[in-house]
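Scroll down for the structure; my scribbles are underneath it.
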Amino acid sequence: MTQQELPRPQGLFYGPGQYRPTPTSKLSALTNYLKVAKHLLPRKESFRASTMWHSDLHTNNIFVDLRKPTEILGVIKWQSVYLSPFVLQARHPALIEFNGPIPEGFGRIELPKDFDDLSVDEQKEAKMLRSAQSLYKLYEVELRQRNEDIFRVLQYREMLAGKISALAGSLFSDGEPIINGLLMAVEKEWPDIVGRGPDGQPSVPCPLIFSAQDNLLQSEHES
């Protein structure tokens, strides 16, 4: 592989101080990913099945009955929809996304402890954030009850294995530093990924070995 054979990057690259992809770095990251890919994917076959998913479900694309707002009459903007493995497609609908931290678990979402000391505008923002967070988590509760497969896939996407699977395509641009960093985490968490045998060792030997030099180079790329 030569420099001319590298996939054309998407966006602006090769600026001062920016990471510069090379055939060697791409092949190394891709080879390491392929060594562990089959262990990172969910075992349930339906989670890997080809799936069609509308990824832009916000209020402008959903038509409802004015007299019965819970009844959906139609959904538009299907021109960018494509088939892809279920684990790469499932996501929260855009209409419940918000700017701010996503609470863990399903406990009660409280206002900030210093809420009374905040200004009127800050209190308003805090209440709006809590409302958005509550709607987000209520969606997950409802999803768990109505379609547990989607719920489980969304959980998988937040795990290390899911993050690597979702970002593997970035190797076609300049994603090697991100993928390499995640693969180094895989080496450390390998027993949790594949499970342990009766002797306490990983049920499958880890095929990844990163040296101290690899870790140093990774730190330089991430900076």
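What follows draws every value from the coordinates through simple rules; no lab data is involved. Not measured: the values here are computed from a predicted model. Because the Cβ atoms are built from the backbone with ideal geometry, glycine has one as well, and the counts that use them run over all protein chains shown.
Before moving on, here are some points about what is shown:
- Dimensionless Rg ratio for the stretch 96-163, taking C-alpha atoms and the 2.2 N^0.38 Å reference: 1.33
- For the stretch 80-210, the fraction of alpha-carbon pairs in successive 10 Å shells from zero, as %: 10, 27, 28, 24, 10, 2
- Mean residue ellipticity (222 nm) of the chain, computed from DSSP H runs ≥ 4 via -39,500 (n - 2.57), nearest 500: -14000 deg cm²/dmol
- The DSSP beta bridges internal to the stretch 22-222 are antiparallel in roughly 100% of cases.
- Fewest neighbouring Cβ atoms within 10 Å first, the residues T59, T70 line up as T70, T59.
- Charge dipole (the stretch 22-222, unit charges on Cβ, about Cα centre) - positive-most of L129, L88, A29: L88
- Nearest 10 degrees, 0 to 90: helix 176-194 Cα axis against the chain principal axis: 90
- In this simple spin-label model, placing a label point 7 Å from the Cα along the Cα-to-Cβ direction at both V194 and T24 gives a separation of 2.8 nm.
- Residue order, fewest to most surrounding Cβ atoms within 10 angstrom, among S28, S80: S80, S28
- Relative contact order of the chain, pairs being alpha-carbon contacts under 8 Å that are 6 or more residues apart, as %: 23
- Equivalent ellipsoid dimensions for the stretch 53-139 as semi-axes, Å, which come from the Cα gyration tensor, largest first: 31, 18, 12
- In units of the rule-of-thumb radius 2.2 N^0.38 Å, the chain shows an alpha carbon radius of gyration of 1.27.
- Think of each Lys and Arg Cβ as +1 and each Asp and Glu Cβ as -1; about the Cα centre, that makes the dipole of the chain roughly 800 debye.
- Length released on extending from A49 to S173, taking residue separation times 0.36 nm less the Cα-Cα span: 42.1 nm
- Note on S80 and V120: their simple-model spin labels are 3.9 nm apart, each label 7 Å out from Cα toward Cβ.
- Karplus-derived 3J(HN,Hα) values for the stretch 59-72, using 6.51 cos²θ - 1.76 cosθ + 1.60 with θ = phi - 60°, are 4, 6, 9, 10, 9, 10, 6, 4, 7, 9, x, 7, 9, 7 Hz; glycine and proline are entered as x.
- Restricting attention to the chain, lysine pairs at least eight places apart or on different chains and with alpha-carbon atoms under 19 angstrom apart total 11.
- Angle in degrees between helix 148-158 and the longest Cα principal axis of the chain, rounded to the nearest 10: 50
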